[in-house]
Amino acid sequence: MATRWDSEPQPVGESVWRFPPSDDWPDTDLLAVGGGLEPATIIHAYRHGIFPMIVEMPEPRLGWWSPDPRGILPLDGLRVTRSLKQSARRFEIRVDTCFGEVIRRCADPTRESGWITPAFIDAYTRLHDLGWAHSVEAFDRAGALAGGLYGVRVGGLFAGESMFHLQRDASKVALIALVEMMRRTGMTLLDVQWRTEHLGSLGAIDVSRAEYLRLLAAALATSAPR
């Protein structure tokens with residue numbers, strides 16, 4: 001049965017905002033501040049290797065980021081331990097069945113370094129409604145949501161935004177499923193923004209900004225839809 005993942009997204013039009021060419025970017029992760037979270041602007045940013053996230057300065061503002069180095073998870077480099085394979089048997093994977101709940105769980109204000117504001121929830125829910133943003137969900141045997149992740153798909157790129165778990169390994173199992181779906185549909189680049197210790201344990205690596213932009217161009221040129 002076809003899912004939203006397999007469907008073409010709706011057009012978002014042209015962004016009213018433009019970013020300078022990469023040759024003119026500063027030697028900092030933060031490239032710009034301001035603008036808005038319209039669907040066209042967000043997709044335009046991802047296509048150019050940029051993503052939005054709140055920055056404190058000292059009051060919270062909308063920032064546009066392109067980290068150097070950039071964290072990615074090579075699709076052939078995902079580390080799946082024996083115990084994780086066993087955990088995977090406890091969960092059922094679904095896609096795009098409860099995007100709103102997933103992003104709200106990721107936005108839990110009690111989580112450390114929380115940055116997903118109501119404006120971000122509204123913006124990415126709109127992208128989901130348009131077919132660009134997706135959630136991968138792990139449900140336990142009782143049918144309860146146990147963990148998941150969400151992000152944005154553009155061509156051969158999946159820009160991972162956040163993940164959460166209520167039960168051990170649930171978000172990791174969702175990540176395994178995401179990688180499998182990406183391979184199945186001919187995608188090539190899984191962006192994780194910054195390589196953390198947790199993501200590193202799963203196989204994430206650092207690449208230079210220049211290398212990321214090269215990989216992004218190749219991903220956008222693939223035959224994968226979008």
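Between THR110 and GLU14, the simple spin-label model (points 7 angstrom out along Cα→Cβ) gives 4.8 nm. A Cβ-based charge dipole, computed about the Cα centre of the stretch 1-108 with Lys and Arg at +1 and Asp and Glu at -1, lands at about 800 debye.
Note on the stretch 4-65: dipole from Cβ charges, positive end direction compared against LEU30, PRO11, MET53; the farthest Cα belongs to PRO11.
Of the peptides 33-44, 193-204, the ranking by mean beta-carbon count within 10 Å, highest at the top, reads 33-44, 193-204. Starting from the Cα gyration tensor of the stretch 125-226, take the square roots of the eigenvalues, sort them a ≥ b ≥ c, and report rounded, prolate or oblate (rounded when a/c is under 1.5, otherwise prolate if a/b is larger than b/c, else oblate). It comes out oblate by the Cα gyration axes. Straightening the chain between ALA142 and GLU101 buys 13.0 nm, computed as 0.36 nm per residue apart minus the Cα-Cα spacing.
Any idea which of GLY200, SER162, THR110 is furthest toward the positive side of the dipole for the stretch 70-220, if Lys and Arg beta-carbons carry +1 and Asp and Glu beta-carbons -1? Value: GLY200.
Overall form of the chain: rounded. Here a/c, set by the Cα gyration tensor axes a ≥ b ≥ c, is under 1.5.
Per residue, the average separation of C-alpha pairs within less than 8 Å and at least 6 apart gives the stretch 19-143 a relative contact order of 26 percent. For the chain, relative contact order (Cα pairs under 8 Å, six or more residues apart, normalised by length) works out to 25 percent.
Computed about its Cα centre, the charge dipole of the chain is approximately 900 debye, with only Lys, Arg, Asp and Glu carrying charge at their Cβ.
Descending by average beta-carbon neighbour count within 10 Å, the peptides 120-128, 10-18 line up as 120-128, 10-18, the highest first. Antiparallel beta bridges, as assigned by DSSP with both residues in the stretch 139-226, represent about 75 percent of the total such bridges. Taken as Cα centroids, the stretch 21-80 and the stretch 162-195 sit 19 Å apart, rounded to the nearest whole angstrom.
Quick note: the coordinates plus some simple rules give every number you see, no bench work behind them. Everything numeric in this text was worked out from a predicted model, so none of it was measured. For neighbour counting, all protein chains shown are included, and Cβ atoms are generated from backbone atoms with ideal geometry for every residue, glycine included.
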